[in-house]
Amino acid sequence: MNLQRIGTVAWKEWRETIRDRMFVLLAFLLPILWMMVFGYGLVQDVEDIPFGVVDRDQSSLSRDYLYRFFESRYFSFQGYVSDEKQAEALLQRGKIRVAIIVPEKFEERLSQGQSVGIQTLIDGTFPLRTDIVKGYLIAINSAFSGERLVGHLSRRNGVSVEQAEMQTHPVKTEVRYLYNEEVRSTWSMVPALVMFTLMVSSPLLTALGIVREKETGSIYNIYSSTVTRFEYLAGKLLPYVMISSVNAVFLWIIATRWFEVPFKGNLPFFLAASLVFVLSSTGIGLVVSLLVRTQIAALVITMVASMLPTILFSGLIVPVSSLSRGSQMQAHLFPGMYYTNIVRGAFLKGVGVEVLWIDVLALAVYAFILRSVGYRLFTKRPRS
Amino acid sequence: MTSTRPALQGLIVWWRRLSVMTRKEMLQLSRDLPIGLLLLYSFTLAVYIAGNGIRSQLQNASMLVQDNDQSFSSRELIHKFRPPFFRLEGEINDPQEGLRALDRGQAMAVLEIPPRFHEQLTTGEPTAVQLLVDTTNAAQGLSAASYAVRIVAQFEQDTVLARLRGADTSSQNLPVVVSEHRVWYNPEQKDAWFESVSHLLRQITIFAILLPAAALVREKERGTVEQLLVSPLTPFQIMLPKVLAMTIVIVCATAVALFGIMRPAFGVPIRGSMLLFFICTALFVFSTAGMGLAAATVTRNQAQVGMLTLLVVAPMMLLSGLVAPMEALPPWTRHLMMLSPLRYFIDIANGILLKGSDLSIIWEPVLAMVVLGGGLFGFGMWRFRRQFD
């Protein structure tokens with residue numbers, strides 16, 4: 001091993017990379033732009049769900065009941081509908097997602113102390129949305145029921161409203177939200193986006209850079225030179241590791257300064273862990289680049305191999321513990337999951353090495369395996 | 001007669017050129033083995049994994065319980081926290097233990113039941129259970145909290161109603177609103193339907209943008225595009241076959257995914273017209289390919305086009321309504337995504353497959369997609385002409 005030769009290869013690679021202005025621009029611009037777009041765009045609070053109403057009762061109580069939906073920020077009223085048929089048509093067109101049907105004798109039955117069934121039609125194409133909508137509906141209904149019940153009991157049993165309330169609502173649930181006390185979607189998304197951005201952009205950068213040399217044929221100069229395999233790979237990867245590390249720092253600055261996400265952990269530890277992560281994500285690019293011959297193949301494969309598993313299995317959106325067993329196994333095969341633990345831990349939980357050492361170790365092992373595979377696959381005497 | 005014959009001949013020549021060029025593109029694509037394997041994987045195994053593995057709803061949220069009462073009531077409440085929403089990971093005795101587990105991500109929630117819980121319940125004293133929720137993933141944390149509150153409320157209601165009815169059998173009825181939900185189109189709320197369709201759409205998008213873009217830029221890079229330009233082909237005849245070839249390949253792959261995986265494995269229904277679905281898929285690929293070609297004309301090599309399409313593809317995939325529902329996104333994102341053909345295709349695909357919509361219902365998104373695709377393709381053509389004429 002000769003450090004000077006590694007340096008030369010790295011320098012050559014660096015020169016080659018920065019000569020392509022657009023590539024350099026995109027290499028730095030892409031992570032920042034993504035972070036901005038997703039940080040603002042991927043807010044997952046479901047609000048303003050469009051809904052329609054069939055009010056068969058048309059009483060003051062039914063209006064009082066429906067008013068709770070009109071006022072709620074979770075729902076957005078689209079208008080009254082004459083009958084169920086019309087509601088169906090609107091659901092099918094996607095103009096509304098929920099139809100609430102208030103039956104006849106709504107007021108009459110309730111004031112007589114009888115229960116009333118409120119029918120709701122929910123668009124089930126998007127299970128997550130359906131689930132959230134159901135939750136909101138039940139919450140509004142039970143709040144309404146609770147009030148009616150309290151009034152009813154205090155009148156019937158001749159007790160005060162407070163007493164009746166205690167009778168009907170004896171168990172409180174005190175919820176404490178930890179780590180992200182105000183449950184801001186931005187706070188949970190932005191740190192994970194640091195992971196997503198690095199996970200997708202750095203393998204791509206690396207793969208394209210290496211395959212470019214193969215496709216243009218300039219790699220034959222390397223084959224015939226005195227540079228060893230190890231020196232070549234080390235030097236070749238260095239600029240990409242550097243670019244990605246610089247991006248990691250940029251992303252950290254955007255997250256903490258622009259989005260004002262608290263950083264409760266230890267910064268040196270986080271940066272060191274990020275370097276380990278970058279080493280493993282560029283490793284993916286390296287392996288892909290050695291398996292393919294054309295840049296198009298490198299591009300498509302890196303994208304499919306890094307972007308989709310990262311969206312699906314890294315804990316970005318769905319926590320790994322909620323995945324099925326097979327998907328959990330897949331999640332453990334990609335570095336994204338470990339780094340998600342690290343970013344969320346370092347940003348929001350304020351934990352450090354004592355908890356996250358296992359994730360860093362997994363990333364290090366990953367980086368090492370990918371580099372060994374890369375070293376095996378790369379040969380200076382290609383068959384064809 | 002004499003005037004129609006040259007026109008007819010022209011058409012035949014045009015048609016021949018088109019088919020020859022399309023065959024050339026197909027051949028070029030088929031020679032790239034890694035791409036072929038990837039196509040196969042993406043439209044079969046990947047769709048299966050996504051449909052099988054991803055659950056967008058709260059599922060198996062790991063939960064620890066600190067039961068300070070150890071009574072009949074507390075155990076009854078604990079047993080209401082069960083799959084599919086919650087998974088009990090065990091009991092703890094020390095609050096610190098719960099916090100540590102949350103720190104390590106071993107549990108998502110900790111439920112604490114106070115001492116004298118049963119006693120308070122039976123005597124009618126107010127009581128409170130405490131729930132600690134990890135909200136590093138805000139959406140999931142909120143969802144877990146809301147389910148937990150619902151479970152406790154249900155438990156409470158059952159106890160209260162039992163007590164009220166027990167005390168006074170004359171009033172079987174109480175003035176409460178009973179929620180009766182009917183979920184349409186996917187009544188059992190099978191995530192596999194939504195996730196496998198979504199995943200298919202994601203794969204189609206990636207390939208529809210990348211394959212034509214990369215194919216065009218490769219010709220630019222190698223200089224073979226000059227050969228094409230000195231041939232009697234018009235720029236349109238060079239661009240169109242690229243898109244056509246990719247469209248054919250992707251539509252075939254979609255059919256494989258739909259009939260080979262999604263129907264047999266998950267029972268995804270095709271309630272609308274199958275023909276309409278495939279026509280719309282072809283239109284979508286065409287529109288999106290226009291986007292890729294436009295990107296290819298502003299870049300000089302494959303590395304650049306890769307980065308540029310990534311810039312476009314990732315926002316499209318995450319913000320068009322596959323990951324987070326459209327309603328959940330801020331207004332500016334919704335407006336921006338009017339430019340994403342995928343946004344319309346999601347409505348179309350779900351409409352045809354799950355809702356059984358026909359063209360009279362989904363004509364709006366179809367029209368929007370066609371106009372958008374036409375515009376993008378036109379822009380790509382215009383750039384391409386300007387570059388080489």
Using a simple spin-label model with points 7 Å from Cα along the Cα→Cβ vector, what separation in nm is obtained for B:ARG334 and B:GLU119?
5.4 nm
Give the average, rounded to an integer, of partner chain Cβ atoms located within 10 angstrom of each Cβ in B:126-134.
6
Where does each of B:58-67, A:355-364 land if you order them by average Cβ count within 10 Å, highest first?
B:58-67, A:355-364
For peptide A:91-100, the mean count of other chain Cβ atoms within 10 Å per residue Cβ is 4
Checking rank on B:253-260, A:59-66, with mean other Cβ inside 10 Å and highest first, the result is B:253-260, A:59-66
May I ask for the angle, rounded to the nearest 10°, between helix A:84-93 and the longest principal axis of chain A, with both axes built from Cα atoms and the value confined to 0 to 90°?
10 degrees
So how do B:195-205, A:182-192, B:217-227 stack up, highest first, on mean other-Cβ count within 10 Å?
B:195-205, A:182-192, B:217-227
May I have the pair-distance distribution P(r) for the range A:180-245, computed from all Cα-Cα distances with 10 Å bins from 0 and rounded to whole percent?
18, 35, 22, 13, 9, 4, 0
Residues whose placed amide H lies under 5 Å from that of A:ARG56, excluding near-sequence neighbours
A:VAL102
Using alpha carbon centroids, what distance separates the range A:18-49 and the range B:120-145, in Å?
36 Å
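So what is the relative contact order for the range A:1-156, in percent, with contacts set as C-alpha pairs under 8 Å and at least six apart?
Working: 138 pairs, mean separation 31.6, N = 156.
Relative contact order for the range A:1-156 comes out at 20 percent.
Please compute the contact order of chain A in relative form: average sequence separation of alpha-carbon pairs under 8 Å and at least six residues apart, divided by the residue count, as a percent.
Working: 481 pairs, mean separation 74.7, N = 384.
Here the relative contact order equals 19 percent.
Can you give the net charge of the other residues whose Cβ lies under 10 Å from the Cβ of A:ARG63, counting K and R as +1 and D and E as -1? Spell out each step's value before the answer.
On the way: positive: none; negative: A:ASP55, A:ASP57, A:ASP64, A:GLU107.
Surrounding charge for A:ARG63 is -4.
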GluC sites (Glu not before Pro) within the range A:68-112: DSSP coil, no more than 16 neighbouring Cβ in 10 Å
A:GLU104
Which one, B:ILE35, A:SER72, A:ILE253, projects farthest toward the positive side of the charge dipole computed for the protein assembly as shown from Cβ point charges (K/R +1, D/E -1)?
B:ILE35
Round to a whole angstrom and tell me the spacing of the C-alpha centers of the range A:260-324 and the range B:273-350.
23 Å
Please report the spacing between the Cα centers of the range A:163-217 and the range B:67-104 in Å, no decimals.
26 Å
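Using DSSP H assignments, which helices in chain B have an axial alpha-carbon span of 20 Å or above and a mean Kyte-Doolittle hydropathy of 1.6 or higher?
Numbers: long enough: B:4-31 (40 Å, -0.22); B:138-167 (43 Å, 0.34); B:191-222 (45 Å, 0.39); B:235-256 (32 Å, 1.84); B:274-297 (34 Å, 1.95); B:302-319 (25 Å, 1.73); B:359-388 (42 Å, 0.90).
In chain B, the long hydrophobic H runs are B:235-256, B:274-297, B:302-319.
Nearest 0.05, what FRET efficiency do A:TYR220 and B:GLN28 give at R0 = 30 Å with Cβ-Cβ as r? Could the numbers behind the result be given before it?
Numbers: r = 24 Å, r/R0 = 0.80.
The computed FRET efficiency comes out at 0.80.
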Using Cα atoms only, what is the angle between the long axis of helix A:185-216 and the major principal axis of chain A, expressed in degrees (0 to 90) to the nearest 10?
30 degrees
Per-residue average of other protein chain Cβ atoms inside 10 Å, peptide A:154-161 -> 1
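Kindly provide the GluC sites (Glu not before Pro) of the range B:88-188 that DSSP labels as loop, not H, G, I, E or B, and whose Cβ sees at most 16 other Cβ atoms within 10 Å.
Values: sites: B:GLU89, B:GLU91, B:GLU97, B:GLU112, B:GLU119, B:GLU156, B:GLU180, B:GLU188; in loops: B:GLU188.
Hits after loop and neighbour filter: B:GLU188.
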Excluding A:TYR177 itself, calculate the net charge of residues whose Cβ lies under 13 Å from the Cβ of A:TYR177, where each Lys or Arg counts +1 and each Asp or Glu counts -1.
-1
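Subtract the Cα-Cα distance of B:VAL13 and B:ARG82 from 0.36 nm times their separation in residues, and report this length gain in nm to one decimal. Don't jump to the answer; show the numbers that get you there.
Working: separation 69, 0.36 × 69 = 24.84 nm, distance 6.85 nm.
Residue separation times 0.36 nm, minus the Cα-Cα distance, leaves 18.0 nm.
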Sequence-distant residues sharing a close amide H with A:LYS172 (under 5 Å, placed H)
B:THR127, B:ALA128, B:VAL129
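If you average the sequence gap of Cα pairs under 8 Å that are 6 or more apart and divide by the length of chain B, what percent do you get for the contact order?
On the way: 448 pairs, mean separation 72.0, N = 389.
Dividing the mean separation by the residue count of chain B yields 19 percent.
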Heads up, the protein assembly as shown by the C-alpha gyration tensor (a ≥ b ≥ c square roots of eigenvalues; a/c under 1.5 rounded, else a/b over b/c prolate, else oblate) looks oblate
Residue order, fewest to most beta carbons within 10 Å, for B:LEU229, B:LEU354
B:LEU229, B:LEU354
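Which of the residue pairs A:LYS95/A:LYS172; A:LYS85/A:LYS134; B:LYS80/B:LYS190 have a Cα-Cα distance greater than 32 Å in the structure shown? Kindly include the intermediate steps, with their values, before the conclusion.
Numbers: A:LYS95/A:LYS172 38 Å; A:LYS85/A:LYS134 22 Å; B:LYS80/B:LYS190 22 Å.
Checking Cα-Cα distances, A:LYS95/A:LYS172 exceed 32 Å.
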If I model a spin label as a point 7 Å beyond the Cα along the Cα-Cβ vector, how far apart are those points for A:GLU47 and B:ILE279 in nm?
4.1 nm
Which percentage, to the nearest 5, of the DSSP beta bridges contained in the protein assembly as shown is antiparallel?
20 percent
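The numbers here are math on the coordinates, done by the rules we state, and not lab data. These figures come from a predicted structure and were not determined experimentally. Glycine also receives a Cβ, built like all others from the backbone with ideal geometry; neighbour counts cover every protein chain displayed.
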